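In what follows, a single structure is set out as structure tokens and then discussed.
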Amino acid sequence: MRKAAFSLLPLLILVLSACAPEITNLQVVRATSGDVPQHQDPLRVISDIVVRQGGAGTPEVDIRPVWPKDGNFVPAGTLPNRVQIGTVNGHGLYRYSGEVAGLDYGAYDLRLSVDYREYLSVKTRTLDLRFFVEAPPECFSFDPGFQGFSLGPVRKSDGSMYSETVPLSGQYLNWPIDDWPDAAGRHRSVSFDISVQTFPSPPAEPYYWFIDFISPELSALEGWQQSRGLTFRVATRAGSVYAQPLIKIAGRDPLAPRDEATGKFLLYPLADGSLNWKVISWDGGPGLPEGARERVMIRIYGDARATAINNDVTVFLDGVCPVPPGIDPPGGEVVAPIPNPWH
């Protein structure tokens, strides 16, 4: 009897699977054009589904940002539109579609759920898709390349130059994840490598070094001219490193965030031993001076005592955006600033 029961198992699985719909295609596009999704533009979700004996309910869409990894899916809409586009082994093949609200720049997971009947019960077939929403035009996403960014020299804590030989590189690591399945190599960041040859350590420098990511001239970029700050993302496994946003307004020295209580400059700690992207957001508010926004810099500070430990470690920069709009998570850990630890 035991042998007979086991011999029926493959047949039972075949019968049950014959009831379930099969999701053969799932994609997310810009609702207005069918192109790659863009920041805050409405999205269209499209899925091709083979409908079998169990039927198929209206597909439901749930979405979550890829970070944090344990985040919950949230209902985003349904695919109410249905058109038959063919048959598969005698079963109807239908294309379902529907619009969902636009999302902020970043990467997301989508889960499509389709209910069907299996005898007297209702079950669900699902399929997951990871997709990317492109940055708004005023942001520097570095997907087309360096977009005019450059690197300044390495400087010591007294401001004197230590090295001019650090190259700016383009990398396929992209915010907000480090394993983006981008076979076309479309998504990038910019970066530099810390090395003992080009960054100082004691006794040449007992305190810290710094180096600037420098934007191109901003005066012709309308999206930056009303900015009162910026957001950006940094990822690195280097220890004892910090980031500081600066904005150059015509006729003034570069401005950076300060602690109101102490007057010290604020820095944003980056190191936690991982390559997780950190989101830095500085809004200088209405008190930021008027005037043409000429340039922004992302200054990276490093403890000189850790230079040898950080040898050959890379610092990545991505998603440099003006405030407003600023692009906050979903998609990354927001870093709280601290007063400059060396002053």
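The values are calculated or read from the model by the stated rules, or taken from the named source; none is laboratory data. This structure is a prediction, so every number in the text was calculated from the model and none was measured. With ideal geometry, Cβ positions are generated from the backbone for all residues, glycine too; neighbour counts draw on all protein chains shown. For accessibility, only protein heavy atoms count, side chains too; no ligands or nucleic acids. Shrake-Rupley method; radii C 1.70, N 1.55, O 1.52, S 1.80 Å.
Things to note:
- Residue that is aliphatic (A, V, I, L, M), at pLDDT 90 or above and within 24 Å of Val334 (Cβ to Cβ), where the choices are Val166, Val241: Val241
- Within region 305-318, considering residues that are open to solvent by 10 Å² or more (accessible area, probe 1.4 Å) and under 19 Å from the mean Cα position of the chain (by Cα), the one farthest from Ile194 (Cα to Cα): Phe316
Listed here are the residues, each with its yes/no results for (1) of a type in the set (Lys, Arg); (2) more than 25 Å from Phe146 (Cβ to Cβ); (3) touching a strand residue (DSSP E or B) at 6+ places or on another chain (Cβ under 6 Å).
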site: Asp253; (1), (2), (3): no, yes, no
site: Leu270; (1), (2), (3): no, no, yes
site: Asp283; (1), (2), (3): no, yes, yes
site: Pro286; (1), (2), (3): no, yes, no
site: Gly291; (1), (2), (3): no, yes, yes
site: Pro337; (1), (2), (3): no, yes, yes
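- Filtered residues of region 183-240 (kept if of a type in the set (Phe, Trp, Tyr) and assigned to a strand (DSSP E or B)): Phe192, Tyr208, Trp209, Phe210, Phe213, Phe232
- Residues within region 60-112 that are among the hydroxyl-bearing types (Ser, Thr, Tyr), in contact with a Pro (Cβ under 7 Å, 6 or more places away or on another chain) and at pLDDT 95 or above, tallied: 2
- When we screen Gln27, Gln40, Gln53 for residues that are in a strand (DSSP E or B) and surrounded by fewer than 18 Cβ atoms within 10 Å (Cβ to Cβ), the only hit is Gln27.
- If you go through region 62-112 and keep only what is open to solvent by 60 Å² or more (accessible area, probe 1.4 Å) and on the phi > 0 side of the Ramachandran plot, you end up with Asn89, Gly90.
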